[in-house]
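The values are calculated or read from the model by the stated rules, or taken from the named source; none is laboratory data. Computed from a predicted structure; not experimentally measured. Positions of Cβ are backbone-derived with ideal geometry, glycine not excepted, and every protein chain shown enters the neighbour counts.
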């Protein structure tokens, strides 16, 4: 019996093999480089050469940097806002789209809001730089036309974090909307019919039927997103930030990039990356525990 099942499933396992090989090569083999975090690394000597071991000195050096606490706070602050709005906006938009009766309009809107998800931050970064320009941007042109002062969205430490959050939500909420719309379609239509007979209006149906019907998906996605708390979006920040907004926009990933690749402090950069990975591991493990606890989600 087991032999027959194994042969039936063999093609499926073979289909997984290329992906498994890529994961091993690009995710597990590079983990040998973790030892750099405990060395005074000199590239000319090679990864396994006669490097000088410094123990936890790289970690102590990073923790004592005046900018590290600010970078860590920026990462948590920006990431938390992204996770919060990235949960609320798709849910609200999915409910609004579900209330539309004309399928043509619903599909057109759904396709339009989904398109930015497929664009890279290199492309969107260039678009946002032009659109938000304080001298020739459309947004500041509109602000000036109604008598409001122009805002340097990408150069003002007060506005830059909010610009990151809003642009990230705009790019990704279309994908989340599709997920929540799929959850809504799984709700029994008979519940809405019964509610109509009982005299419930649209708000009553949303509050007592739609939202409870989406609860499991909402809990699952929100809990699993906790593992990304230290990922504030390197691609986005790298393409939009500048030295004048380091105070409010510098995050762990860009901090590692500058220390490791620009300043050539490879051991220190690896220590920061290892710190982030360990915290993310704890968060992801905890998120899977809570996902199983509250949503009965299991990866196997």
Some residue of the stretch 88-100 being under 27 Å from residue 276 (Cβ atoms), touching a residue at least 12 places away in the same chain (Cβ under 8 Å) and either surrounded by 13 or more Cβ atoms within 10 Å (Cβ to Cβ) or touching a strand residue (DSSP E or B) at 6+ places or on another chain (Cβ under 9 Å) (or both): yes
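Return the only residue of 279, 245 being out of contact with any strand residue (DSSP E or B) (no Cβ under 6 Å at 6 or more places or on another chain), closer than 30 Å to residue 155 by Cβ and in a helix (DSSP H, G or I). Spell out how you get there, then give the answer.
Values: 279 fails: closer than 30 Å to residue 155 by Cβ.
Matching residue, one of 279, 245: 245.
Scanning for something assigned to a helix (DSSP H, G or I), farther than 18 Å from residue 275 by Cβ and modelled with pLDDT under 85, does the stretch 46-65 turn up at least one residue? Give the derivation first.
As a first pass, look at the stretch 46-65 and keep what is assigned to a helix (DSSP H, G or I): 57-63.
Okay, now just the ones that are also farther than 18 Å from residue 275 by Cβ, so none.
Within the stretch 46-65 (the criterion being assigned to a helix (DSSP H, G or I), farther than 18 Å from residue 275 by Cβ and modelled with pLDDT under 85), the answer is no, since none of the residues qualifies.
What helices (runs of 4 or more DSSP H) lie completely within the stretch 125-199 and have 3 or more residues being free of Cβ contacts under 8 Å to residues at least 12 places away in the same chain, over 27 Å from the mean Cα position of the chain (by Cα) and at negative phi? Break it down stepwise before answering.
Numbers: elements: 138-145, 160-185, 189-197.
Output list reads 138-145, 189-197.
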Index of the failed condition, residue 13 passing every other in (1) surrounded by 11 or more Cβ atoms within 10 Å (Cβ to Cβ); (2) at pLDDT below 85; (3) in a helix (DSSP H, G or I): (1)
Breaking point among (1) under 15 Å from residue 160 (Cβ atoms); (2) touching a helix residue (DSSP H, G or I) at 6+ places or on another chain (Cβ under 8 Å); (3) assigned to a helix (DSSP H, G or I), for residue 232: (3)
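Do we find that residue 81 is within 30 Å of residue 224 (Cα to Cα), assigned to a helix (DSSP H, G or I) and at pLDDT below 90 in this structure?
Details: within 30 Å of residue 224 (Cα to Cα): yes; assigned to a helix (DSSP H, G or I): yes; at pLDDT below 90: no.
In short, no.
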Failed item, numbered, when residue 235 is tested on (1) under 15 Å from residue 79 (Cβ atoms); (2) modelled with pLDDT of 85 or more; (3) surrounded by 20 or more Cβ atoms within 10 Å (Cβ to Cβ): (3)
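Can you tell me which residue within the stretch 27-47, out of those that are farther than 10 Å from residue 266 by Cβ and in contact (Cβ under 8 Å) with a residue 12 or more places away in the chain, is surrounded by the fewest Cβ atoms within 10 Å (Cβ to Cβ)? Steps first, please.
Filtering the stretch 27-47 down to residues farther than 10 Å from residue 266 by Cβ leaves 27-32, 34-35, 38, 44-47.
Next cut, in contact (Cβ under 8 Å) with a residue 12 or more places away in the chain only: 32, 34-35, 38, 47.
Numbers: 32: 10, 34: 13, 35: 15, 38: 19, 47: 12.
Among them, the one singled out is 32.
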